[in-house]
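Student: Here it is, the structure in full.
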Amino acid sequence: MSFAETTRVYRGCVIPLDLLYDVERDVWVRREGELATLGMTDPAQTRAGKLVAIRFRRPGTIVERGRALATIESGKWVGPFPAPFRCELVETNQAAFERDILIANRDPYGEGWLVRVRPLAPEELAELVTGEEAFTRYRARIDALDLNCFRCAE
């Protein structure tokens, strides 16, 4: 499939259609068997600006929906990276961020992933959206925030 078939772009913000999203928390989710990889969406990394530090919770920690899996600090913001569902933190991408703190700004859906988790609440997973529904919700959110996405250059 081509980029145009698997991805939507609005005001520079990239939204892959094959991921699950918690739009309100700006978190994307990629299911991988019994685990899920999570990261910041393109609109989230744009709003945060250039990252300067990330502090991850320890693997093995059980995190309730809406609670922080990590704390993200940028030049203009400090805040949580929230769990989109109740989960156990299995792995962090700390090594990638130690090599390149801007990896989520450059590649939010790829190398810039933040954590891998084990979902513990299937009913909360069912509330996530994907595909065109996610894109429709993001278009409204992007308009409401008057956002134009950008990526950090090398």
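Student: Residues R58, R116: which one is closer than 16 Å to R30 by Cα, in contact with a Leu (Cβ under 9 Å, 6 or more places away or on another chain) and either free of Cβ contacts under 8 Å to residues at least 40 places away in the same chain or in a strand (DSSP E or B) (or both)?
Tutor: Going through R58, R116 in turn, just one is closer than 16 Å to R30 by Cα, in contact with a Leu (Cβ under 9 Å, 6 or more places away or on another chain) and either free of Cβ contacts under 8 Å to residues at least 40 places away in the same chain or in a strand (DSSP E or B) (or both): R116.
Student: Are any of the residues in segment 131-146 surrounded by 15 or more Cβ atoms within 10 Å (Cβ to Cβ) and part of a loop (DSSP other than H, G, I, E, B)?
Tutor: Checking segment 131-146: not a single residue is surrounded by 15 or more Cβ atoms within 10 Å (Cβ to Cβ) and part of a loop (DSSP other than H, G, I, E, B).
Student: Out of all the residues in segment 66-100, which are aliphatic (A, V, I, L, M) and within 14 Å of I54 (Cβ to Cβ)?
Tutor: Across segment 66-100, the qualifying residues are A68, L69, A70, I72, V78, L89, A95, A96.
Student: So which residues in segment 15-58 are over 28 Å from A121 (Cβ atoms) and of a type outside the set (K, R)?
Tutor: T46, G49, L51, V52, A53
Student: With the condition kept exactly as written, say whether any residue in segment 86-107 is in contact with a Pro (Cβ under 7 Å, 6 or more places away or on another chain) and either in a loop (DSSP other than H, G, I, E, B) or at positive phi (or both).
Tutor: Scanning segment 86-107, I find no residue that is in contact with a Pro (Cβ under 7 Å, 6 or more places away or on another chain) and either in a loop (DSSP other than H, G, I, E, B) or at positive phi (or both), so the answer is no.
Student: Within segment 101-141, which residues are among the aliphatic types (A, V, I, L, M) and within 27 Å of R55 (Cα to Cα)?
Tutor: Answer for segment 101-141, where residues must be among the aliphatic types (A, V, I, L, M) and within 27 Å of R55 (Cα to Cα): I101, L102, I103, A104, L114, V115, V117, L120, A121, L125, L128.
Here, each number is a calculation from the coordinates, and none is a lab measurement. What you see is a predicted model; the values in this text were computed from it and never measured. Neighbour counts run over all protein chains shown; Cβ positions are idealised from the backbone, glycine included.
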